[in-house]
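Single-structure report; data block below.
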Amino acid sequence: MTSDLLAALAGAALVLFVPGPTNTLLATAGAAAHGRPPLRLAVAELAGYLVSTNLLWLLGGRLIERLPWAAPVLHLGLAVYLVSLGCCLWRAEEAAATAAAVSPRRIFVTTLINPKAAIFALVLMPTAGIGAWAAWTLGFSVVVLAAGATWLVLGHRIRRHGGNRAAALVPRIASIALFGFAAVLAQRTIVALT
């Protein structure tokens, strides 16, 4: 691996381990799990990132140049989705309802439209041919799975060490975090449009 690739993967790891919408959902799912953390959700996250980053990598720059309104519309759509998801988690009273609210499909969709994907696709992904792309994809996949598993285990440890009461707070805290992400995203988008 070249130093450029390693630096790009380190940057991706930094971005992936920062709390965000997908990580919030993964921690919530981990806290809701009674047995082992549902690691299949990390695979759903990986699928979402692979689809979104590759589409953005292939089409993103040209699309944003031709349709400058596309990014703000996507950001506002993401804000609405995050509010909806936050409401769903807020209303989930029991761990079973929370686990159902954080399905692989929801993880996939949240990741698919996560703004972090644009950073990966338009800033960190290599542009120097298929070999560099393949190496990036392999390394990126490992980093995504590691980050996803970490957030799931973190949520699971909250339940294990804090009990059901602490675990019951995670969906509420996650809801507030999702509302906050949505507000920041909407505010930045509105400011950018004015």
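Ranked by the mean number of other Cβ atoms within 10 Å of their residues, highest first, the peptides 19-28, 180-189 come out as 19-28, 180-189. For segment 128-194 versus segment 1-75, the spacing of their alpha-carbon centroids is 8 Å.
When you have a sec, figure out the Kirkwood radius of segment 143-182 from all distinct Cα pair distances and drop it here in Å to one decimal? Computed over Cα pairs of segment 143-182, the Kirkwood hydrodynamic radius comes out at 11.0 Å. Subtracting the Cα-Cα distance of I176 and V109 from their residue separation scaled by 0.36 nm leaves 22.2 nm. What length, rounded to one decimal in nm, is gained on full extension from L67 through to L145, with 0.36 nm per residue of separation minus their alpha-carbon distance? Once the chain is fully extended between L67 and L145, it gains 24.8 nm.
Given a 1.4 Å probe and the protein chains as shown, F140 ends up with an accessible area of around 0 Å². Note on the chain: the C-alpha convex hull projects to 10.9 nm² when averaged across all orientations. Counting only protein heavy atoms and a 1.4 Å probe, segment 71-193 has 52 square angstrom of accessible area per residue. Once all protein chains are placed together, I113 keeps about 40 Å² accessible to a 1.4 angstrom probe. Quick one, could you list the DSSP H helices from the chain stretching 20 Å or more along their long axis (Cα atoms) with average Kyte-Doolittle hydropathy of 0.0 or above? Those that clear 20 Å and a mean of 0.0 are 3-17, 40-55, 70-91, 130-193. Given that compact globular proteins tend to follow 2.2 N^0.38 Å, what is the ratio of the alpha-carbon Rg of segment 91-194 to that value? For segment 91-194, the normalised Cα radius of gyration is 1.36. Give me the percent of the accessible area of the chain that comes from carbon and sulfur atoms, probe 1.4 Å, all protein chains in place. Solvent-exposed carbon and sulfur of the chain make up 71 percent of the total. Mean residue ellipticity at 222 nm, helices only, the chain: -27000 deg cm²/dmol; runs of at least 4 DSSP H residues each add -39,500 (n - 2.57), and the sum is divided by the number of residues.
The values are calculated or read from the model by the stated rules, or taken from the named source; none is laboratory data. This is a predicted model, so every value here is computed, not measured. Heads up, the Cβs are rebuilt from the backbone with ideal geometry, glycines too, and the neighbour counts pull from every protein chain shown. For the accessible areas, the whole protein counts, side chains as well, though only heavy atoms, and no ligand, DNA or RNA atoms are used. Shrake-Rupley method; radii C 1.70, N 1.55, O 1.52, S 1.80 Å.
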